[in-house]
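Enquirer: Can you keep this structure in mind? I'll have questions shortly.
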Amino acid sequence: MTTNIRRFTTAIAAPAALLFALAACGGAERPTVDEITESLKSGGAGELTGLSGREDVLSDEAYTCVAEVIHDSDLENETLVSLVEGDEDAEVSDEETDKVSGLQSTLMEECADVIAEGAAGQ
């Protein structure tokens, strides 16, 4: 009887472990705009980008604009999670690095006015 129970639990555990592994490999959940904004202001993303604690020159609207552009980009969810967590040791593909470089022009197009208004109002 013990052998049958052992086989039964193994038969259940193997597919469960596989599903768990596939869920983990299936990708991280995309951070929200609010999560990215908060991380830019005072978290890991802010530390990596140098934007943390810059409320003296960046308004809440500027932080939100930057976060929206980052969120709406075609960066992979895993890349965004690493950014929000401030994981400077995360491995990022060359393709993702190119996407980040491409964000600079989008940020300037989308957020330049908001950033300038915030800086002028401070």
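Since every read-out is calculated from the coordinates, none of them should be taken as a lab result. Computed from a prediction, not measured in an experiment: that's the story for all the values here. All Cβ positions, even for glycine, are placed from backbone atoms using ideal geometry, and neighbour counts span all protein chains on display.
Enquirer: Tally Lys and Arg at +1 and Asp and Glu at -1 over the other residues with C-beta under 11 Å from the C-beta of residue 106: what net charge comes out?
Expert: Surrounding charge for residue 106 is -4.
Enquirer: Counting other beta carbons within 10 Å of each residue's own, what order do 39, 82, 59 fall into, fewest first?
Expert: 59, 82, 39
Enquirer: How far apart, in nm, are the 7 Å Cα→Cβ label points at residue 88 and residue 105?
Expert: With each label point 7 Å from Cα toward Cβ, the separation is 3.0 nm.
Enquirer: Run the quick spin-label model on residue 113 and residue 97: label points 7 Å from Cα toward the beta carbon, then report their separation in nm to one decimal.
Expert: Taking the two extended label points, one gets 3.5 nm.
Enquirer: Next question. Net charge within 11 Å of residue 69 by Cβ-Cβ distance, Lys/Arg positive one each and Asp/Glu negative one each, not counting residue 69 itself?
Expert: Result for the local shell: -4.
Enquirer: Name the shape class, rounded, prolate or oblate, that the alpha-carbon gyration tensor gives for the stretch 29-121, where a ≥ b ≥ c are the square roots of its eigenvalues, rounded holds for a/c under 1.5, and otherwise prolate holds if a/b is larger than b/c and oblate otherwise.
Expert: prolate
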